[in-house]
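As structure tokens, the structure follows; a few thoughts come after it.
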Amino acid sequence: DSTRMEHKIKIRGNPNLGYVKTVMIGIRNPKDDNNPHCAEVWINELRMQGLNEQGGVAATARVDFQLADFGNISGAVNYSSIGFGALDKQLDERSLDEITSYDISGNFELSRFLPSDWGLRLPAYAAYSKETTKPKFDPYDLDILLEENLAEAETAEERKEIRERSQEVTTIKSVSMTNVGKDRTSNSAPMPWDVSNFSVTYAYSEIENTDPLIEYD
């Protein structure tokens with residue numbers, strides 16, 4: 001109403017629709033004993049419309065190689081797109097992330113390269129896995145699609161920076177040698193100090209993680 005310009009609307013901070021959980025509508029009536037007010041307020045029911053019901057897809061692939069008696073190698077790839085969810089999931093429970101992961105691991109008996117009369121046991125295990133999570137919305141502006149920010153980037157370097165700072169990447173590397181030792185190869189009576197009575201285990205694991213809040217961990 002142009003005749004009542006004394007009303008002001010103030011916004012504090014940087015509003016972001018991605019953080020909105022509830023909406024409240026209220027009327028404030030300052031106490032004024034000399035000028036009482038009476039009001040009747042009608043508020044229509046709020047309904048959401050235009051929901052994005054686009055579904056998603058998911059796939060997994062796995063392969064195993066048996067290397068005779070030397071060992072075996074296994075690998076797997078998993079992918080799920082934005083909008084994917086199980087049949088019993090509601091619309092708001094579907095995934096808002098694109099997730100890609102792969103891993104490869106292998107068990108090897110390294111003693112196969114050594115003479116059998118040495119009686120050595122050298123079992124080894126190695127694994128490598130990486131998971132990348134790409135969100136639908138920009139993690140710094142939750143009401144803006146990440147693809148829109150990427151499309152507005154002026155240079156390839158800027159586009160790469162936006163993509164890398166928005167993703168969550170977890171990389172796991174591990175190597176281990178378990179129960180390394182030497183079997184008895186003679187028929188003589190065993191003694192407590194025989195090397196065949198002892199075994200050694202070594203294990204190493206490294207986890208690297210980056211996400212929109214942590215540059216490197």
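The values are calculated or read from the model by the stated rules, or taken from the named source; none is laboratory data. Every value quoted in this text rests on a predicted model; they were computed, and no experiment measured them. Glycine also receives a Cβ, built like all others from the backbone with ideal geometry; neighbour counts cover every protein chain displayed. To get the accessible areas, we keep the full protein, side chains included, count just its heavy atoms, and leave off ligands, DNA and RNA. Shrake-Rupley method; radii C 1.70, N 1.55, O 1.52, S 1.80 Å.
A few comments on the model shown:
- Neighbours of Leu67, meaning other residues whose beta-carbon lies under 10 angstrom from its beta-carbon, give a summed charge of -1 when Lys and Arg score +1 and Asp and Glu score -1.
- Values of log10 I(q)/I(0), in the order q = 0.32 Å⁻¹, for the stretch 163-217 under a Debye, Cα-only, solvent-free model: -1.16
- Ranking Phe65, Ile214, Val77 by Cα position along the charge dipole of the chain, where only Lys, Arg, Asp and Glu carry charges on their C-beta atoms, puts Phe65 farthest toward the positive end.
- Cα centre as origin, Lys/Arg/Asp/Glu Cβ charges: the stretch 54-185 dipole, Debye: 1020
- Using θ = phi - 60° in the Karplus curve 6.51 cos²θ - 1.76 cosθ + 1.60, the 3J(HN,Hα) couplings for the stretch 161-167 round to 5, 4, 5, 5, 6, 8, 8 Hz; x is entered for Gly and Pro.
- Solvent-accessible area of His7 with every protein chain in place, 1.4 Å probe, in Å² to the nearest 10: 130
- For the chain, fraction of C-alpha pairs farther apart than 30 Å, in %: 58
- With R₀ set to 30 Å, the beta-carbon distance separating Glu206 from Ile11 gives a calculated FRET efficiency near 0.05.
- Rel. contact order, % - alpha carbon contacts under 8 angstrom, at least six apart, the stretch 129-217: 31
- Expressed as a whole percent, the accessible surface of the stretch 150-213 that belongs to carbon and sulfur atoms is 54, based on a 1.4 Å probe.
- Average accessible surface area per residue within the stretch 59-148, 1.4 Å rolling probe, Å²: 64
- Taking the helices alone, the chain has a mean residue ellipticity at 222 nm of -2500 deg cm²/dmol, built from -39,500 (n - 2.57) per DSSP H run of at least 4 residues and averaged over all its residues.
- Local net charge near Val77, Cβ-Cβ under 15 Å (Lys/Arg +1, Asp/Glu -1): -2
- Near-label residues of the stretch 120-146 by backbone N, under 12 Å of a point 7 Å along Cα→Cβ of Ser174: 125-129
- Low-density loop positions, chymotrypsin sites (Phe, Trp or Tyr not before Pro), the stretch 32-86 - DSSP coil, at most 14 other Cβ in 10 Å: Trp42, Phe70
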